[in-house]
Amino acid sequence: MEWAFLSSRLGAIDLYVSKCTHCEELCCWQGKEYDEEENEFTDGILVIPEVSATPMPHPDMPELVKGDYQEARSIVDKSPRGAAALLRLCVQKLCIELGETTGSIDKDIKSLVIKGLPVGIQQALDVVRVVGNHAVHPGELTEEDIADVAISLFELINAIVEDRIARPKALEALYQRLPEGARKAIEKRDGQ
């Protein structure tokens, strides 16, 4: 790690910047102790990037959803209720990405079920929807209840993306690798 002093004012907190010698990314630290002789930071808090126990967004997560997901990751430790509400918004946007346009998340999920949505994915959508709704309505769930399930909601969002977006995309890519003649024969067989 390479360290550099960033700023200090009387009565203000010292800030330091470090550069990882492995990945070369920069980090910002709120300083408490810096050993000038050893040129290393000995005590403080990592400010940027924020560290989170939540999973990163699925690589195939649509951009429309990813921003809200990342925002939820950035606040989950400070506001599990806020994160749950943002993840509910992610579900609503995922429904749009999956072709549902009723404007009602509940109706969108129902429509997906009618179209053959697996029960496990329907349940994942409904868990995020219900917890997200209850996060903003007083008395429905306690803050402790929401904090207990908040991290799991991120995993559910990624599972939904895996099942509804990533897996079909991977299967389609494999199918497209078949020789064109074989694909045409399959399409003819299936009346497409």
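The values are calculated or read from the model by the stated rules, or taken from the named source; none is laboratory data. Note that the structure is a prediction, hence the values are computed from the model and not measured. Here Cβ is always computed from backbone atoms with ideal geometry, including for glycine, and neighbour counts include all displayed protein chains.
Observations on the model:
- Restricting attention to the stretch 61-110, the residues being touching a Ser or Thr at 6+ places or on another chain (Cβ under 7 Å) and at pLDDT 95 or above number 2.
- Of all residues in the stretch 76-110, those being closer than 29 Å to Pro138 by Cα and outside any loop (DSSP other than H, G, I, E, B) number 23.
- Segments classed as helices (runs of 4 or more DSSP H), wholly inside the stretch 140-192, with at least 1 members that are within 30 Å of Pro80 (Cβ to Cβ): 143-161, 167-176
- Filtered residues of the stretch 53-73 (kept if touching a helix residue (DSSP H, G or I) at 6+ places or on another chain (Cβ under 7 Å), exposed (fewer than 15 other Cβ atoms within 10 Å of the Cβ) and not in a loop (DSSP other than H, G, I, E, B)): Leu64
- One residue from His22, His58 being outside the structural domain of Glu155 (by TED's automatic domain parsing), at pLDDT below 75 and of a type outside the set (S, T, N, Q): His22
- Counting only residues that are out of contact with any Gly (no Cβ under 8 Å at 6 or more places or on another chain), part of a helix (DSSP H, G or I) and under 19 Å from Cys90 (Cβ atoms), the stretch 114-139 holds 15 of them.
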